[in-house]
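Worksheet: one structure, shown below.
The values are calculated or read from the model by the stated rules, or taken from the named source; none is laboratory data. All values derive from a computational prediction rather than experimental measurement. As a convention, Cβ positions derive from the backbone with ideal geometry for all residues, glycine included, and neighbour counts pool all protein chains shown.
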Amino acid sequence: MLKPQANETREMVNLDGLYRFQVDFDRAGHRQEWFKAPLETCLEMGVPASYNDVFPDKAIRDHVGYVWYQREVRVPRSWAGERVHVRLDSATHEGMVWVNDVLVAEHTGGYMPFSADITDHVTPGQAFRLTISVNNELTQATIPPGSITVTEDGRRQQSYLHDFYNYAGLHRSVWLYSTPAVTVDDVTAVTGFDGATGTVDYTIATAGGSGSETVTVSLKDADGVEVSRAEGAEGALVINDVVLWKPGAAYLYNLTAEIHDGGRLLDSYTLPVGVRTVEARGKEFLINGEPFYFTGFGMHEDHVAIGKGHSNAQMVNDFRLLDWVGANSFRTSHYPYAEEVMEFADRHGIVVIDETAAVGLHLGFGAVFGGIAKKTYVDGGVDANTAANHRQAITELVARDKNHPSVVIWSIANEPNGSEEGAREYFQPLAELTRQLDPTRPVGYVNVMFDTPDKELLGDLFDVIMLNRYYGWYLNNGDLETAEQVLEKELREWEAKYGKPMIMTEYGPDTMPGFHSIYEQPWSEEYQAAFLAMYHRVFDRVEAMVGEQVWNFADFQTSNGIMRVDGNKKGVFTRDRRPKPAAFALRQRWTALAGVKNGSDKTIAVTTTP
């Protein structure tokens, strides 16, 4: 799943900007074929962005169903003889694309790119009408799941079991791009090293050729000097005096695959490659054979006004705050992030746990979100239809992100029901599929706090134990002394049961900015700092703990509910990225840990007061 690029054989046009925008309140758009004419609307909408918070209109914000985007696009006249494609980096959660009157693409899954070859439907030098319908509906079969009810007065209402707002729209860029008739269709690069000698095992998939073409692959270092070359669609590149990609010290080579016919270049594609290895061994997590300790956050693509819309400027701000606080990693909770985020992490040495959008696969959570608890693994619940979409989500994630050196773990689900009958039958094939797609990275899922070691059924299927725990918040609220005892007891039970590396992927209390208490009262800024300090004391006493990722990096929007006041307030930064005192405490701890837990003594005394 190659990202479009411009080079000597390919060109691209960014289609971001303002689109005509129409909300399909009556679900009439497809029936009335709105794609066949200019949309009858005075609204315009920016792309990329969520539409929900842009308009001061409750009906638009709460809309359940389709919205429509439309604009005119002109194909460059220089693309005559080339293949022409349109690509959406995401459409949340379902997208359909028309070129003039022709449906050219449709895709389900709100966080993955999809494209269509539209060569036969457009003419270089001429314009066409691009129309996109986007549906935000979640059903029990989708990833993530949800359910829709219709009120007596006909309003459609969406409910879901994940604790973040169901933002919708075209959250990432839209592209028009060209490729030659004979193309590099995919690249897979697997890296390794032995001493000072690095290797890049590669596979190049091509399309459109006659079979007489040749494939050449070269590798250049960061200075543009060629360091290795090979012939053929499969092979190995050898690098003498290799420079490894390391956390906090990223180094990227450029792998270029070329297709030739005689002496003529038909196509070229360049892929950044970081040479590194990852492994879960015993109780350690190893990057390049050296112990690695995760510090960082679960995060969200969530910003004021644009919701889940990608913004390069805000992305840079978030990464600089990660650097400031001393974080070396994050988890893409609870869905794949924009490709620009993954590329930035590659370039800057940030380690990523890459997660599918499989959140909410626990129907027992219904009681928490205002409904009723139900059995999970039953027909009409998390069943074969869910599994089919889950397989698609895993397959697309690995296809898109397999070449990113920053990605070190595949997380195939967040907080599913892992203790109910049927859980193992559901997840074992998914774990096996992930390893078949990529045998080079550890595979995990994130365990919910109800599924303690004596109850859970899944831990032996995965390489890393990832835990979300809230002792001191949802349990033992305000009683950090008891919470500390219970937390340590459970972590030692996990350690004894599996002896695998363990990462705390979520921990933290809701915290209202500006609320202070000398008694470390829940919701106060003092309580957040004390809560985190308690967890850190426990982590430092448990040998198998290899990481801590606080929930959350920043406050974020959620659906309405009595547990939330304008969203989830567990961030150590506010939603507009102002630090709470806990951010300073983390900066102190993580800066001290940077040279200790990664490659040295596990135990360190670090004060975590602001």
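A few remarks follow.
Here is a yes/no grid of residues against (1) touching a residue at least 24 places away in the same chain (Cβ under 8 Å); (2) closer than 24 Å to ASN560 by Cα:
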residue	(1), (2)
ASP302	yes, yes
SER333	yes, yes
PHE344	yes, no
ALA357	yes, yes
LEU361	yes, yes
LYS374	no, yes
ALA393	yes, no
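- Figure legend. Inter-residue proximity from the range 204-225: first residues at pLDDT 95 or above, second residues among the basic types (Lys, Arg), beta-carbon distance below 8 Å, spacing 6+ or different chains. Indicated pairs: THR216/ARG229; VAL217/ARG229; SER218/ARG229; LEU219/ARG229.
- For the range 323-332, a residue qualifies if it is under 17 Å from HIS404 (Cβ atoms) and buried (at least 24 other Cβ atoms within 10 Å of the Cβ), and the qualifying residues are SER329, PHE330, ARG331, THR332.
- Any hit, the range 397-407, residues being of a type in the set (A, V, I, L, M), over 13 Å from the mean Cα position of the chain (by Cα) and either surrounded by 20 or more Cβ atoms within 10 Å (Cβ to Cβ) or more than 24 Å from VAL275 (Cβ to Cβ) (or both): no
- Where ARG77 falls short, out of the listed (1) among the charged types (D, E, K, R); (2) buried (at least 19 other Cβ atoms within 10 Å of the Cβ); (3) farther than 17 Å from GLY307 by Cβ: (2)
- Complete set of residues in the range 270-293 that are under 30 Å from ARG10 (Cβ atoms) and either modelled with pLDDT under 95 or not small (Gly, Ala, Ser) (or both): THR270, LEU271, PRO272, VAL273, VAL275, ARG276
- Residue match in the range 523-546 (condition: in a strand (DSSP E or B), over 28 Å from the mean Cα position of the chain (by Cα) and of a type outside the set (D, E, K, R)): yes
- Residues in the range 114-128 include at least one that is closer than 28 Å to THR183 by Cα, surrounded by fewer than 19 Cβ atoms within 10 Å (Cβ to Cβ) and in contact with a helix residue (DSSP H, G or I) (Cβ under 6 Å, 6 or more places away or on another chain).
- Filter pass, ALA168 being more than 26 Å from ALA399 (Cβ to Cβ), out of contact with any Leu (no Cβ under 6 Å at 6 or more places or on another chain), modelled with pLDDT of 95 or more and not charged (D, E, K, R): no
- Subset of the range 119-131 (residues that are within 11 Å of ASN100 (Cα to Cα) and either without any contact (Cβ under 8 Å) to a residue 60 or more places away in the chain or not basic (Lys, Arg) (or both)): HIS121, VAL122, ALA127, PHE128, LEU130, THR131
- Exactly one residue out of ILE409, ILE394 is farther than 19 Å from GLU301 by Cα, β-branched (Val, Ile, Thr) and in a helix (DSSP H, G or I): that is ILE394.
- When the range 86-128 is limited to residues that are assigned to a strand (DSSP E or B), among the small types (Gly, Ala, Ser) and over 18 Å from VAL47 (Cα atoms), the one that is farthest from the chain's Cα centre (by Cα) turns out to be ALA127.
- In summary, VAL102 fulfils each of the numbered conditions (1) touching a His at 6+ places or on another chain (Cβ under 6 Å); (2) surrounded by 15 or more Cβ atoms within 10 Å (Cβ to Cβ); (3) of a type outside the set (Gly, Ala, Ser) with the single exception of condition (2).
- Matching residues in the range 498-509 - criterion: being surrounded by fewer than 22 Cβ atoms within 10 Å (Cβ to Cβ) and either part of a loop (DSSP other than H, G, I, E, B) or touching a Lys or Arg at 6+ places or on another chain (Cβ under 8 Å) (or both): GLY499
- Being surrounded by 24 or more Cβ atoms within 10 Å (Cβ to Cβ), among the β-branched types (Val, Ile, Thr) and in the same structural domain as HIS93 (by TED's automatic domain parsing) is a condition met by no residue of the range 145-164.
- Qualifying positions in the range 382-391 - assigned to a loop (DSSP other than H, G, I, E, B) and surrounded by fewer than 19 Cβ atoms within 10 Å (Cβ to Cβ): ASP383
- Condition check for SER178: surrounded by 21 or more Cβ atoms within 10 Å (Cβ to Cβ) and among the hydroxyl-bearing types (Ser, Thr, Tyr): yes
- Checked across the range 19-41, the condition of being assigned to a loop (DSSP other than H, G, I, E, B), within 30 Å of LYS402 (Cβ to Cβ) and modelled with pLDDT of 95 or more holds for no residue.
- Some residue of the range 489-501 being at pLDDT 95 or above and under 28 Å from ARG577 (Cα atoms): no
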